[in-house]
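The values are calculated or read from the model by the stated rules, or taken from the named source; none is laboratory data. Keep in mind it's a predicted model, so treat the numbers as computed, not measured. Here the Cβ positions follow ideal geometry from the backbone for every residue, glycine too, while neighbour counts run over all protein chains shown. The accessibility values were calculated without ligands, DNA or RNA, using every heavy atom of the protein model including side chains. Shrake-Rupley method; radii C 1.70, N 1.55, O 1.52, S 1.80 Å.
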Amino acid sequence: MARVRLEHVTKRYDDVVAVDDMNVEIEDGEFVCLVGPSGCGKSTTMETIAGLTRPSEGTVYIGDTDVTNLAPKDRGVAMVFQNIALFPHMDVFDNVSFGLRLRTFDDDEVERRVEQAADIVQLEGMLDRMPDEMSGGQRQRVAIARAIVRNPDVFLMDEPLANLDAKLRVHMRTELQRLHRELETTIIYVTHDQAEAMTMSDRIAVINAGELQQIDPPLVCYNEPANLFVAGFIGSPSMNFVRGEVVADGLETKNFTLEFDPAGATGVGVGDDVTLGVRPEDVHLSRDADDLSRPTKGVEVTTDVLEPMGDEIFVYLVLDEGAERTMEEDPLDSPDQLLMSVSPDTDISEDETLEVVLDGSKIHLFDTASGEALVHGIADRSGSDPGTAPTEAED
Ligand code: ADP
């Protein structure tokens with residue numbers, strides 16, 4: 001087990017900055033997911049920890065040792081990749097034990113470790129199978145067992161479930177959590193899938209364009225996103241964003257005014273260009289909002305497309321009837337629409353005019369220019385609760 005620390009790690013490939021001044025500290029025994037869109041620098045970050053690439057600047061520590069210039073094999077790490085490279089002519093036992101034999105462990109020790117690893121990943125009884133006799137999920141478990149037998153201080157996993165079908169991926173997520181509980185080892189896991197990160201991690205490190213945006217427990221990233229990028233990336237479907245200007249009695253957007261006392265909201269001043277963020281589940285029909293502690297003033301909308309998902313219905317709402325009805329690619333560019341999620345038994349149809357309210361306690365305000373979060377949760381009109389100022393981002 002070991003702590004992993006990146007200090008001012010930057011990696012450049014010619015004029016591409018793949019990782020930009022990354023500072024992260026991962027605790028001993030923690031399960032941390034590096035998550036972000038394709039090309040944001042997740043794999044490069046992982047490779048600098050593994051020793052597969054040298055950072056252009058900065059230092060990598062595993063435990064208290066500066067490993068920046070150590071070879072991968074001397075770092076106490078084991079990697080599991082998306083593409084499982086098993087030896088096709090070797091059975092499971094030989095595939096799992098291959099690395100151990102290179103390290104000249106005696107036969108008894110090899111057998112003990114392989115059996116223990118097979119037990120952990122539930123491959124008992126399959127040790128004499130050949131890779132082509134196994135399913136994708138089983139082969140991935142062989143790859144994980146091969147990492148386990150090395151008894152590493154840190155597991156590094158780069159999209160290990162990406163090639164599995166959706167159902168198996170969900171199943172393997174649970175297995176990896178169980179594995180983490182059993183081994184109590186530090187796991188650093190790369191994924192572009194925010195749902196995978198949300199369900200498995202102790203903390204999520206959200207990365208964009210080589211820069212760390214936020215590292216926090218999943219629900220903190222969800223409920224108190226540090227900036228617009230995290231707010232839009234974590235959560236599916238994505239948060240609604242509506243741009244507006246802070247006025248004396250609240251926020252004026254193109255289609256509605258949200259009343260609150262800006263003086264009570266830390267970091268917000270009259271005249272500021274801010275972006276309102278609200279998740280689909282925090283938009284409610286006014287007629288169903290009796291239990292809401294801080295509903296905003298009603299906004300008149302027209303329903304557009306309905307998407308019944310079984311456990312909820314996604315309702316696309318049009319704020320301005322005159323505006324063109326398209327979902328823009330950039331949600332910040334669609335001030336005329338909101339996505340609402342309602343329970344499946346809601347009596348609602350397309351092209352209906354109705355009134356919605358937003359849950360004031362779940363509204364976020366961001367500085368439009370910098371993207372930084374200004375406040376999570378706004379006061380009701382009496383100003384009784386000024387909302388929570390975002391905590392300072394970690395360096
Ligand atoms: P991710 O894992 O988030 O998809 P990567 O770490 O693979 O992102 O890549 C980050 C950026 O660095 C991308 O722009 C990618 O094209 C670039 N990059 C990664 N590896 C190399 C390389 N070996 N040579 C040149 N550019 C690279």
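Within segment 137-150, is even one residue at pLDDT below 90, more than 24 Å from residue 111 (Cβ to Cβ) and not hydrophobic (A, V, I, L, M, F, W, C)? Yes, segment 137-150 contains a residue that is at pLDDT below 90, more than 24 Å from residue 111 (Cβ to Cβ) and not hydrophobic (A, V, I, L, M, F, W, C).
The set of residues in segment 11-26 being more than 12 Å from the ligand (Cβ to nearest atom), in contact (Cβ under 8 Å) with a residue 60 or more places away in the chain and either at negative phi or not assigned by TED's automatic domain parsing to the domain that holds residue 160 (or both) consists of 23, 24, 26.
Checked against the criteria, residue 220 does not count as open to solvent by 60 Å² or more (accessible area, probe 1.4 Å), hydrophobic (A, V, I, L, M, F, W, C) and either farther than 20 Å from residue 87 by Cβ or within 16 Å of the ligand (Cβ to nearest atom) (or both).
For residue 348, indicate whether it is under 28 Å from the mean Cα position of the chain (by Cα), farther than 18 Å from residue 252 by Cα and either modelled with pLDDT of 95 or more or of a type in the set (A, V, I, L, M, F, W, C) (or both). In short, no.
The C-beta contact set for segment 90-117 (first residue farther than 21 Å from residue 130 by Cα, second residue assigned to a helix (DSSP H, G or I), distance under 9 angstrom, 6+ apart or interchain) comprises 105/97; 105/113; 109/100. Of the residues in segment 80-101, none is in the same structural domain as residue 172 (by TED's automatic domain parsing) and at positive phi. Among the residues of segment 344-375, just one is β-branched (Val, Ile, Thr), open to solvent by less than 20 Å² (accessible area, probe 1.4 Å) and touching a Lys or Arg at 6+ places or on another chain (Cβ under 8 Å), namely 357. Can you confirm whether segment 88-105 contains a residue that is more than 14 Å from the ligand (Cβ to nearest atom), of a type in the set (Lys, Arg) and surrounded by 13 or more Cβ atoms within 10 Å (Cβ to Cβ)? There is no residue in segment 88-105 that is more than 14 Å from the ligand (Cβ to nearest atom), of a type in the set (Lys, Arg) and surrounded by 13 or more Cβ atoms within 10 Å (Cβ to Cβ). Residue count for segment 154-163 under the criterion of being crowded, with 19+ Cβ neighbours inside 10 Å and either within 16 Å of the ligand (Cβ to nearest atom) or farther than 13 Å from residue 180 by Cβ (or both): the result is 6.
Of 51, 29, 58, 36, all but one fail to be assigned by TED's automatic domain parsing to the domain that holds residue 82 and within 8 Å of the ligand (Cβ to nearest atom); the exception is 36.
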